[in-house]
Amino acid sequence: MRQIPLFNLNYDEAEIQAVTEVIHSKWISSGPKCQELEKLFCECLNVQYAYAVANCTSALHLALQVLGITKDDEVIVPSLTFVATVNAVRYVDAVPVFCDIVSTRDLTLNAKSIERSITSKTKAIIVMHYAGFPCDMGKIMEIAQEHHLYVIEDACHGPLSEYKGIKLGTIGDIGCFSFYSNKNMSAGEGGMVVTNDSKLGEKIKLLRSHGMTAVSYDKAKGHATGYDVMELGYNYRMDDIRAALAISQLKKLPADLEKRKDLREQYIDRLSGCSGIIIPFMQCKEYVSNYIFPIILKDSNLGEREQVRRQLSEVGIQTSVHYPAVHKFGIYREVGSGSDLLVTEYVSDCEITLPLYGCLGMEDLGYVCDNLIKICERRKMH
């Protein structure tokens, strides 16, 4: 039986060579490769400052910390996201306020829901660019400016994605990226924080390494002989092995995104006639990363969705769910506040993520589509 994974690494000899060079250099912790990655990231995103960190969770935590978000402040967040987006709010003792998404055809944060949720305690908005498709940043930035709110972009799905020609992560006050194994840029772990604000950048740089004024590489190369500790910081550094992998992945990224674009178009071509599903973001014309390919089952529920996933698994097709609604997790049932989340709850129960990666073959894609259509036709008959 054919086996089609949800994701496959875009790795070859380039990654092996990149890691080998770092090992031969005898410097494997945070150092020159992290600096090279930061410089490349600034160039690719046309942003002033970029800081390599341990992961996107630490990036989000640092973003909230340097913006001064603190106890009992309210931060508007999506519920349709990975839990780390919301956990970071709790790390600074702030209160997450969950907002709904636009619709089953646009899974990004709803600007009207944001506006309705603002109170005197609201200090920031965290947007998450689902699958690499941009939120309505024009409207969201307008709301933020009117109410004097910070905007943090969780762009873990969207390296190189754009909103009206501007790279995601560079529109708000701070942008956060992920290099986790299944992301567009895969380094196992790792992340990046970007900003155009020099004061925020300096504080991020300080806090990611224990609040120290100099790091080990500076001292090893004779650029510093001692250091002071200016803030209560964290060990949120990336190492040079992962940075080398991320550099290789960043260089491959434009070509990979073109392949993903072609694959998405093939999926749409084959599935647009399937009456049992909705394909989100069909109207989006922006340049995007296509991190995942989500579909929404029509007139469905959690039990039916899981049955469809089981049937796909039985023919060797791996799927996933993006995401379980965060506000329904036990830890957030009593903590988070916000408006009705009816669209989020439907999508959370009825979304299926199909395989998508640059090396996915057209025959395999066709196999996925043919089996999904058959399953949907059987659902309709029942």
Could you work out the helix-only [θ] at 222 nm for the chain, with each DSSP H run of four or more residues adding -39,500 (n - 2.57) and the total divided by the number of residues, to the nearest 500 deg cm²/dmol? -12500 deg cm²/dmol
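What does DSSP give for the chain in terms of the percent of beta bridges that are antiparallel, rounded to the nearest 5?
Looking only at bridges with both residues in the chain, the antiparallel portion is about 55 percent.
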Could you give the length gained on full extension between Phe329 and Thr213, defined as 0.36 nm per residue of separation minus the Cα-Cα distance, in nm? 37.8 nm
Options Cys376, Val335, Tyr357, ranked by Cα towards positive dipole end of the range 254-381, top entry (Cβ charges): Cys376
Sticking with the crude label model, points 7 Å out along Cα→Cβ, report the distance from Glu36 to Lys139 in nm, one decimal please. 4.4 nm
Full-extension gain between Lys221 and Glu314, please, as 0.36 nm times their residue separation minus the C-alpha to C-alpha distance. 27.8 nm
Highest mean first, how do 162-169, 1-8 rank when packing is the count of other Cβ atoms within 10 Å averaged over residues? 162-169, 1-8
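Give me the extension gain from Thr70 to Cys359: residue separation times 0.36 nm, minus the current Cα-Cα distance, reported in nm with one decimal. Don't skip to the end; give the middle numbers.
Working: separation 289, 0.36 × 289 = 104.04 nm, distance 4.40 nm.
Stretched fully, the Thr70-Cys359 segment lengthens by 99.6 nm.
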If you take the square roots of the eigenvalues of the alpha-carbon gyration tensor of the range 122-253 and sort them as a ≥ b ≥ c, do you get rounded (a/c under 1.5), prolate (a/b over b/c) or oblate? oblate
Going residue by residue through the range 31-46, the Karplus relation 6.51 cos²θ - 1.76 cosθ + 1.60 with θ = phi - 60° gives ³J(HN,Hα) values, rounded to whole Hz and with x marking Gly or Pro, of x, x, 5, 4, 5, 5, 4, 4, 5, 5, 5, 4, 5, 5, 9, 6
Amide H neighbours of Val53 under 5 Å, at least 5 residues apart or on other chains, H built in the peptide plane: list them. Gly191, Met192, Val193, Met238
For the range 13-250, with +1 on Lys and Arg beta carbons and -1 on Asp and Glu, the positive-most of Cys56, Gly226, Leu206 along the dipole: Gly226
Which label marks the calculated value of semi-axes √(5λ) of the Cα gyration tensor in Å, given the options (1) 31, 26, 17; (2) 37, 24, 20; (3) 35, 27, 17? (3)
What is the dipole size for the chain, taken about its Cα centre, with +1 at each Lys and Arg Cβ and -1 at each Asp and Glu Cβ, in debye to the nearest 20? 260 debye
Using unit Cβ charges (K, R positive; D, E negative) and no other charged atoms, how large, in debye to the nearest 20, is the dipole of the range 1-130 about its Cα centre? 360 debye
Where the centre of each part is set by its Cα atoms, how far does the range 262-278 sit from the range 286-307, in angstrom? 12 Å
Between Tyr163 and residues 5 or more places away or on another chain, which pairs have amide H atoms under 5 Å apart, with H built 1.01 Å from N, and which residues are they? Leu168
Lys261 versus Met282, label points 7 Å from Cα toward the beta carbon: distance in nm? 2.1 nm
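Let me spell out the model: positive unit charges on the Cβ of Lys and Arg, negative unit charges on the Cβ of Asp and Glu, origin at the Cα centre of the range 320-381. What dipole size does that give, in debye rounded to 20? Please report the intermediate quantities before stating the final value.
Values: 6 positive and 9 negative charges, 38 e Å.
Rounded to the nearest 20 debye, it is 180 debye.
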Residues whose placed amide H lies under 5 Å from that of Ile317, excluding near-sequence neighbours: Ile4
Along the range 140-148, what does the Karplus equation 6.51 cos²θ - 1.76 cosθ + 1.60 (θ = phi - 60°) give for ³J(HN,Hα), rounded to whole Hz, x for Gly and Pro? 5, 5, 5, 4, 4, 5, 5, 9, 6
Over the range 254-381, relative contact order from alpha-carbon pairs under 8 Å, at least 6 apart, %: 37 percent
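Considering lysine pairs in the range 254-381 that are 8 or more places apart or on different chains, how many have Cα atoms under 17 Å apart?
For the range 254-381, the number of qualifying lysine pairs is 4.
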In sequence order, what are the phi-derived ³J(HN,Hα) couplings for the range 201-218 according to the Karplus relation 6.51 cos²θ - 1.76 cosθ + 1.60 with θ = phi - 60°, rounded to whole Hz, with x for glycine and proline? x, 4, 6, 4, 4, 5, 6, 6, 10, 6, x, 7, 7, 9, 10, 4, 5, 4
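Since every read-out is calculated from the coordinates, none of them should be taken as a lab result. Everything quoted here is computed from the prediction, not taken from an experiment. Don't worry about glycine lacking a Cβ; one is built from the backbone with ideal geometry, like all the others, and counts go over all protein chains shown.
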